[in-house]
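The values are calculated or read from the model by the stated rules, or taken from the named source; none is laboratory data. A quick note: this is a predicted structure, and the numbers were derived from the prediction, not measured. Every residue, glycine among them, receives a Cβ derived from its backbone with ideal geometry; neighbour counts consider all protein chains shown. Ligands, DNA and RNA are stripped out before the accessible areas are found, and what is left, the full protein with its side chains, is counted by its heavy atoms. Shrake-Rupley method; radii C 1.70, N 1.55, O 1.52, S 1.80 Å.
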Amino acid sequence: MTARRFFRSFVTVLTLAAGALSAHAQTDAPAEVRTGQVRATLIAHAADGVPVGPQASGQASQVWVGLQIEHAPHWHTYWKNPGDSGLPTEMHWTLPPGVMTGDIAWPLPKKIPIGPLLNYGYDGTVLLPVPLIVTPQYRPGPLDDALPIELKATWLVCRQECVPQQGEFSLKLPLRSSTGLHAAAFNAALKAQPAQVQGDHQAQIENGGQRLSVRVAGLPAGVRGQTLELFPETPGIIRAAASLAAPDQPVSPKSWSQRWDGAVWTADLPLSPDRTESPPTLPLVLAAGDQGWRVQAPVSGAWPTNASTPAPLTAVPTLTLTPQAPATAATAAAAAPAGVLALALLGALVGGLILNLMPCVFPVLAIKIIGFARHSGDHRAHRVSGLAYSAGVVLSFLALGGLMLALRAGGHAIGWGFQLQSPAVVAALAVLFTVIGLNLASVFQFRFLLLSRLATLQARHPVIDAGLSGVLAVAVASPCTAPFMGASLGLAISLPTLQALGIFAAIGLGMALPYLAASWWPALARLLPKPGAWMEVLRRLLAFPMFGTVAWLLWVLGQQSGIDGAAALLALLVALALLLWTLSLPGRLRLSLSLPALALGAALLAWLGPSVIRPLPAVTPGEVTGGRWQPWSASRVQAALAGGQPVFVDFTAAWCVTCQINEKTTLSRAEVLAALDAAQVQTFRADWTRRDDAITAELRRLGRSGVPVYLLQAPGKPPLVLSEILSVGDIKQALERL
């Protein structure tokens, strides 16, 4: 079996085993939330129970969940395109591994005029159904009798005023019995779905980009001659309020008209001046009474280039609902069965081993060569150093994992590598590696900086020195995710604290294992040259990988704090180098030069320090348009899938070396881009360089807690997560499976 086949098989088995943990999760959130404006309830429909195992693939469409909203009189919520104002209802699900949801099956909306505006939405009672996809990878425990479902939903409810609200819901869907209490509600909601209409549909941009002419063929013969309502699914494309005027009035810049040319329905529509998107195809919903039809109209003609960004909605206080028994952040996690835990520990160990091959670890591991050579004739020193280095690595992974688990338990949405999302941490690491590099380059010696008792710490206490080098190795390795690590780390988040820490310890042991084994293998010492002058040359040579790491950290900081922040840190590093050099001078010269250097460094720190740690303002996906890689958002991905287009999502970060290598060596290759274009795949990039709770939640939904993650998904199919080490063959093979 090849290494690639083994890796894929192992990840599949690990994913299957992770499913055994899901049903043990406990939650106290209710299935219903009430406010003064709405009553929102999470309901389900599974007439034949939940398909589990191999039979799941053919029965996923029979399982539905949905949010039922009962509005108080005169209040309403919004459709996927809210119209001239408003926000659509959004749902964020927490499900066991192997279970996922499709897009909201939006029922036919209503037109809701409010003054000069026209909105699209719902009043009365509406059910927003969502298909629950139970894949064959879902494996409940032998004693589990229900599938746990958790939902966090947000909605905007309006009358003349608007109130943003949110609620947390949960329910348990029985596995082996029918759930049909709400069959009538789901049947009615699904019946209200617009029917797909195939035909020669067209959308033509006319009048210098001011208007849109639409032609729709293939509508039922029974509606010919009737006046139809039109709902564009893409927000901000058409002036919604223009349809308030009589459809047969003379065309003006703010009106629209429609007519029938035999069996073809045509309309002339005004484009919105606040348009932010230029889609090649327009999904449209037409309605006559309670019947609706959905069409895809290819757009011909050039979109106007003077599209503007709409002004943000007026800020209003957010009303956060507190359910009767809300789920706590530190929800009790179920212990993993022995077999599942053993498999997770094995994956973590293998991932830690592979971590040594990641480029981010090379600078620190290279320094260990000097340690090998220094003790080439001392077997005992070799072994003690190996044990100390291993202890430093394992304890550092435990500390980092414990901190991540504690922050998550406190309600923070973070994942592996979270510390590199802080500009202050990136700057501190840049300072540390600058100091180490300058020391290796002999710009200064530590003995000039430390008290005499500590001057010979490395010589007198090599065990401490080896342990600290293990800590340093983890510091630079933490941004990386090796194969097998992703699945193990994703599983660790759902485990009790002791089992989760065991996985982090296994990763550390895997990373330390090569050096530990080598330190206890006497034959290796005989292969190394004897200590000599070459060690000093190698020592200075190793300064350059350290400076290379500093350059990379400066680039990462530039993504977080901008070019000004990176330039400020570079100036501070120059001042630091000057100070360290003056401290290494002999006699009075050291004092006369070090004090001005210290004063200069302090002044620069006070002046430039805030620029280093000040993050750039967040850029919303709507502010960036064009280009092959669109900024990721859950709504953009859902819109592409709803339009019948496959999607590829690159979850990445500037501080993730593996991500950058994959992007430069694989994702930017012409043959990969051509293959994506041939399959008509829409590409998105989820940048996790700075903290982003939405991306963190999406990674968790995919069973991952760090980057890189590569997701390929076709409409109506479960997502496919590719390997962390990406190749051209991986992408082409995945595209063939669409």
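Sort Ser278, Ser519 by heavy-atom solvent-accessible area, probe 1.4 angstrom, most to least.
Ser278, Ser519
Quote to one decimal, in nm, the extra length available between Leu143 and Ala603 on full extension: 0.36 nm per residue of separation minus the C-alpha distance between them.
Details: separation 460, 0.36 × 460 = 165.60 nm, distance 6.56 nm.
Roughly 159.0 nm would be gained on extension.
To the nearest 10 square angstrom, how much accessible area does Thr227 have with a 1.4 angstrom probe?
Surface accessible to solvent at Thr227 totals approximately 100 Å².
Is the C-alpha gyration tensor of the stretch 659-738 telling us rounded, prolate or oblate? Criteria: a/c under 1.5 is rounded; beyond that, a/b larger than b/c is prolate, otherwise oblate.
In terms of gyration-tensor shape, oblate.
For the stretch 697-738, max minus min Cα coordinate along each principal axis, in Å, sorted largest first?
Cα extents, longest axis first: 28, 27, 9 Å.
Need one value: the accessible area of Glu161 in square angstrom, 1.4 angstrom probe, rounded to the nearest 10.
That residue has around 80 Å² of solvent-accessible surface.
Given a cut-off of 31 Å, name the pairs among Lys152/Lys664; Lys664/Lys717; Lys80/Lys732; Lys152/Lys717; Lys80/Lys717 whose C-alpha atoms lie farther apart than that in the structure shown.
Lys152/Lys664; Lys80/Lys732
Using a 1.4 angstrom probe on the protein heavy atoms only, could you order His182, His382 from most to least accessible area? Don't skip to the answer; put the middle values down first.
Details: His182 55, His382 10 Å².
Solvent-accessible surface, decreasing: His182, His382.
By its C-alpha gyration tensor, with a ≥ b ≥ c as the square roots of the eigenvalues, how is the stretch 545-616 shaped: rounded for a/c under 1.5, else prolate for a/b larger than b/c, else oblate?
Since a/c reaches 1.5 but b/c is at least a/b, the shape of the stretch 545-616 is classed as oblate.
I need the shape label for the stretch 94-156. Rule: rounded when a/c is under 1.5, else prolate if a/b > b/c, else oblate, with a, b, c from the alpha carbon gyration tensor.
prolate
For Ile731, Ile661, Ile114, write out the residues from largest to smallest accessible area, computed with a 1.4 angstrom probe and no ligands counted. Before the final figure, lay out the partial values.
Details: Ile731 5, Ile661 65, Ile114 35 Å².
Largest to smallest exposure gives the sequence Ile661, Ile114, Ile731.
Take Glu536 and Ala424, extend 7 Å from each Cα along the Cα→Cβ direction, and tell me the distance between the two endpoints in nm.
Calculated label separation equals 4.2 nm.
Using alpha-carbon positions, what is the distance between the centroids of the stretch 188-236 and the stretch 678-732, in Å?
What the calculation gives is 33 Å, centre to centre.
Got a number for the accessible area of Arg275? Probe 1.4 Å, square angstrom, nearest 10.
That residue has around 10 Å² of solvent-accessible surface.
D for the stretch 67-217, whole µm²/s, Stokes-Einstein with Kirkwood Rh over alpha-carbon pairs at 10 °C and 1.306 mPa s: what number?
Translational D for this selection: 87 µm²/s.
Quick one: net charge around Gly437, please, counting Lys, Arg +1 and Asp, Glu -1 for every other residue with C-beta under 12 Å from its C-beta.
After counting each charged neighbour, the total is +2.
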